[in-house]
Structure formats: C-alpha cells, structure tokens
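The values are calculated or read from the model by the stated rules, or taken from the named source; none is laboratory data. Worth saying up front: this structure is predicted, and the values here are computed from it rather than measured. Cβ placement follows ideal geometry from the backbone for every residue including glycine, while neighbour counts extend to all protein chains displayed.
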Amino acid sequence: MHDIRRQFPLLDRKINGNPLVYLDNAATTQKPRAVTDAMLDYYRNINSNIHRGVHHLSQLATSAFEESRQRVMKFMGAAQHEQIIFTRGTTEAVNLVANGFRDFLKKGDRVLVTIADHHSNFVPWQQACLRSGATFDIMPVEEDGTFDLELFGRKLSQGPKMVAFPHISNVLGIENPVKEMTAMAHACGAAVLVDGAQGIAHCPVDVADLDCDFYCWSAHKIYGPTGIGVLYGKREWLEKLPPYQFGGEMIEEVELERTTFAALPFKFEAGTPAIAEGFALKPALDFVQGVGFDNLREHESELTRMALDGLGRIKGLRIYGKGEGHSGVVSFNLDGAYHYDVGVILDQLGIAVRTGHHCAQPLMKHLGVQGCVRASFAAYNTGEEVERLVAGVKKAAEMLV
Ligand code: 7TS
C-alpha cells in the first residue's frame with residue numbers, strides 16, 4: 001500500500017486541516033506520477049501533430065500515440081488496432097455509436113437501455129429514438145440493484161435492435177453479467193453496447209470473451225488523463241456506421257461534390273486528437289496491470305465490505321444496491337438528512353465523496369430519492385480511510401438527524 005500511495009502525491013494533501021480521504025473515484029481517479037510525468041515529457045520532448053508530418057518529431061509523436069492504441073487493444077483483448085477508436089471519453093463514444101445507429105432505426109424498431117444507466121448511455125439512445133421514431137424501452141432494476149434476467153429475456157423477445165447497459169452502475173456498484181446478457185441479446189438479434197466507464201478500472205475486460213459489439217470507457221476513471229477515452233467496436237459494425245464528425249484526419253479524398261473517408265480507426269477520429277493524453281494513457285494501464293486485477297478486486301471488495309458493514313450499523317442509514325457482485329461503490333442516504341449536507345460535513349473532515357443525482361436521474365426517481373451520497377474506492381484507498389468515512393457519517397447523523 002505504501003508503494004502504491006507514494007505514486008500519488010496528491011493524496012498527501014490536507015483538506016480543511018485534515019488529511020485528505022479521497023472517495024470520489026467513480027467521478028475521476030487520481031493520477032500516478034508516471035501519468036503526470038508522461039504528460040510533461042510529451043510536451044517537453046515530443047510535442048508535434050500526428051499522422052501528418054515527415055519530420056522526426058511528428059513521427060515520434062505518431063508512434064507514441066499509436067503505441068497507446070496497441071496497448072489499449074491488448075488491454076481489452078481486441079483482435080485489431082483498427083477496432084480501437086480514441087474519443088474524448090465514454091460520453092463521446094456512446095454518442096458516436098448512437099448517432100450513427102440512427103441510420104438503422106425506423107418507426108417500430110426498439111432500443112433497450114436500463115434504468116441504471118448514466119445519462120451518457122441513456123440520453124443519446126433516447127434522442128436517437130425520438131429522432132428516428134423507434135421505441136425507447138427501459139429495463140428496471142430490482143430492489144438489490146441487480147437485473148432480473150427473466151424480465152430481460154422478455155424485453156429481448158420484443159426484438160430490440162440495440163441493447164445498451166452499464167458494466168457497473170456508477171450508483172449501485174454491481175457488476176452486471178455482461179457475457180450472459182450479451183449472449184441473451186445476440187440470441188434475439190440485438191446489437192450490444194456496454195458502458196464500461198465504471199467497469200474498466202475494476203474488472204479485467206476481454207471483449208473477445210464478452211462478445212459485445214461495442215465497449216466504451218474513459219481514461220480518467222482508470223488513473224489516466226481526462227480528455228481521452230475509447231470506443232471498442234466489432235469490425236463489421238465500425239465499417240457499417242457512418243462517420244460521427246467530419247474534417248481533417250478522417251478523409252481519404254475530398255472532391256468538390258463528394259468525400260471518401262479514411263479507413264478505420266481514422267474514419268472516426270476527425271481533427272487533432274488528445275495526443276499527450278493518449279501518450280499518458282499507457283502508464284495508467286501499466287499502473288493497473290502492475291497492481292493486478294486480482295489484487296485490486298480483492299482490495300476493493302474488502303473496502304466495500306467494511307463500508308457496508310460500518311455504514312450499515314448507523315441507525316436510519318439506507319444503502320442502495322446490496323446485491324451480489326457489489327464492489328467499489330457504496331451509495332446511501334441518512335433518513336431525515338439532505339445528501340448535500342452530509343457531503344458538506346464530510347468535506348469539513350477532509351473526506352471527499354460525491355452527492356447528488358450522479359447523472360442518473362431516472363435511477364434516482366426509480367429509487368424514490370432526489371439524490372444520495374456516494375463513496376467510491378480505488379487501489380490507493382485504505383481500511384483506515386473507510387473507518388474515517390464511517391466515523392464521519394456517524395458525526396453527520398448526530399448533527400443532522
Ligand atoms: N457512464 C458511467 C457509468 C459513468 O459513471 C460515467 C461518468 C460516464 C458514463 C460518463 O463518463 P465521461 O468520462 O464521458 O464523463 N460518471 C461520473 C460520476 O459518476 N460522477 O462523475 C462522473
């Protein structure tokens with residue numbers, strides 16, 4: 001743990017006179033020194049635009065960026081680097097697919113999402129349906145935060161063309177059975193998009209094994225920089241989907257009346273990408289693999305268990321999503337206290353949690369709340385920090401309830 005924490009100098013900060021306890025990792029993780037060093041190294045020593053220069057620096061920058069694509073490909077178990085599209089993040093990746101997929105939707109078609117989806121995987125599909133006339137269908141979650149797969153099967157029997165769901169909900173923290181849900185959707189002829197924003201940093205992802213058609217994630221949630229993310233897609237789909245944005249980098253030939261588009265992955269990468277961020281994504285993935293997913297999962301499950309146990313003993317505290325596979329995220333409310341006030345008291349104690357609707361308003365309505373408090377864990381969090389969280393929430397309960 002000491003070895004891990006010393007790679008994150010920000011964790012040594014004091015907030016309001018107290019040592020920082022950073023438990024807002026589902027919003028964004030802190031960055032190890034190797035990532036911030038890589039950003040600096042890129043701008044100090046390599047900076048140049050990519051894919052377009054014969055000069056030495058441009059070639060260095062191009063190889064650095066393309067090496068990252070290769071690294072991501074291996075990290076996700078993809079077969080070809082052409083299947084890895086760099087985007088600004090999960091939000092842009094989903095929008096890219098939903099926008100293009102509209103071409104394949106017409107009145108009478110269906111799209112199925114879930115009530116547990118982040119707005120990033122909800123609104124793009126809702127809007128694609130509104131614009132195409134397709135029916136927007138929504139899968140509910142059970143009381144414990146899991147999906148009822150029998151009900152999912154019944155929804156699938158109505159023949160949606162696309163099924164989009166989160167690998168892990170950013171509120172409920174439950175790892176959904178992606179492989180099983182994908183196989184069920186494929187058996188009914190639907191394409192599958194997995195929102196991996198919360199999955200990628202907590203579970204090993206092998207897209208060949210999961211067999212999903214699309215998998216989206218953001219680098220900043222896996223110890224990498226903001227401004228870059230990944231869309232993985234099956235080749236047949238990426239070939240079929242129209243470009244999302246038009247401009248430089250994504251063309252083959254521009255004539256006065258028509259344009260032909262570049263081959264994958266560049267067809268979807270119009271304009272100058274986030275080059276330094278792409279470069280710095282590699283050390284982020286190195287960090288995670290250095291820790292190892294087995295160790296990470298064990299550690300985060302233990303912290304989650306401690307938090308569920310400690311918080312669960314506080315009178316009037318309600319936890320959302322306690323089903324099987326719950327790890328990394330604990331969301332709760334104190335009866336009679338406003339979630340925001342709990343967050344402010346915790347902040348005074350140096351404890352950073354998230355409060356609000358977590359960009360999941362449909363889920364909040366489903367749970368019958370306006371918002372909640374969320375603590376989310378990462379590799380560098382400790383049992384002592386969870387104890388401070390529990391003590392902080394107890395104090396908030398004394399003050400507010
Ligand atoms: N999907 C899920 C499941 C997420 O948790 C988030 C971000 C996104 C998509 C969007 O990712 P972005 O990188 O494109 O913004 N979730 C959160 C959160 O829970 N708190 O702040 C951001």
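For this structure, a couple of remarks:
- Residue satisfying all of: in the range 125-139; farther than 15 Å from Pro160 by Cβ and not basic (Lys, Arg); nearest to the ligand (Cβ to nearest atom) among these: Gln127
- The set of residues in the range 103-124 being part of a helix (DSSP H, G or I) and either within 15 Å of the ligand (Cβ to nearest atom) or among the charged types (D, E, K, R) (or both) consists of Asp103, His119, Ser120, Asn121, Val123, Pro124.
- Within the range 150-203, tally of residues that are under 24 Å from Phe377 (Cβ atoms) and within 16 Å of the ligand (Cβ to nearest atom): 23
- Some residue of the range 223-232 being outside any loop (DSSP other than H, G, I, E, B), within 16 Å of the ligand (Cβ to nearest atom) and among the small types (Gly, Ala, Ser): yes
Matching residues to (1) outside any loop (DSSP other than H, G, I, E, B); (2) of a type in the set (Lys, Arg); (3) closer than 20 Å to Val401 by Cβ; (4) out of contact with any Phe, Trp or Tyr (no Cβ under 8 Å at 6 or more places or on another chain):
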| position | (1), (2), (3), (4) |
| --- | --- |
| Leu303 | yes, no, no, no |
| Lys315 | no, yes, yes, yes |
| Arg318 | yes, yes, yes, no |
| Phe332 | yes, no, yes, no |
| Tyr340 | yes, no, yes, yes |
| Val344 | yes, no, yes, yes |
| Thr355 | yes, no, yes, no |
| Pro362 | yes, no, no, no |
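Here's the yes/no breakdown for (1) surrounded by 24 or more Cβ atoms within 10 Å (Cβ to Cβ); (2) in contact (Cβ under 8 Å) with a residue 24 or more places away in the chain; (3) over 23 Å from Gln361 (Cβ atoms); (4) among the acidic types (Asp, Glu):
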| site | (1), (2), (3), (4) |
| --- | --- |
| Val111 | yes, yes, no, no |
| Val123 | no, no, no, no |
| Gly133 | no, yes, yes, no |
| Asp137 | no, yes, no, yes |
| Gly159 | no, yes, yes, no |
| Ala164 | yes, yes, no, no |
| Leu172 | yes, yes, no, no |
| Ala190 | no, yes, yes, no |
| Ile200 | yes, yes, yes, no |
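- Residues considered: Asn95, Asn99, Asn25. Of these, the only one that is surrounded by 18 or more Cβ atoms within 10 Å (Cβ to Cβ), over 19 Å from Lys267 (Cα atoms) and within 16 Å of the ligand (Cβ to nearest atom) is Asn25.
- In the range 359-382, the residues that are closer than 30 Å to Arg6 by Cβ form Cβ pairs under 7 Å with partners that are at pLDDT below 95 and away from the ligand (no atom under 13 Å from the Cβ), at six or more places apart or across chains, as follows: Thr382/Met1.
- Among (1) within 26 Å of Ser157 (Cβ to Cβ); (2) of a type outside the set (Asp, Glu); (3) not in a helix (DSSP H, G or I) - the single one Ala78 does not satisfy: (1)
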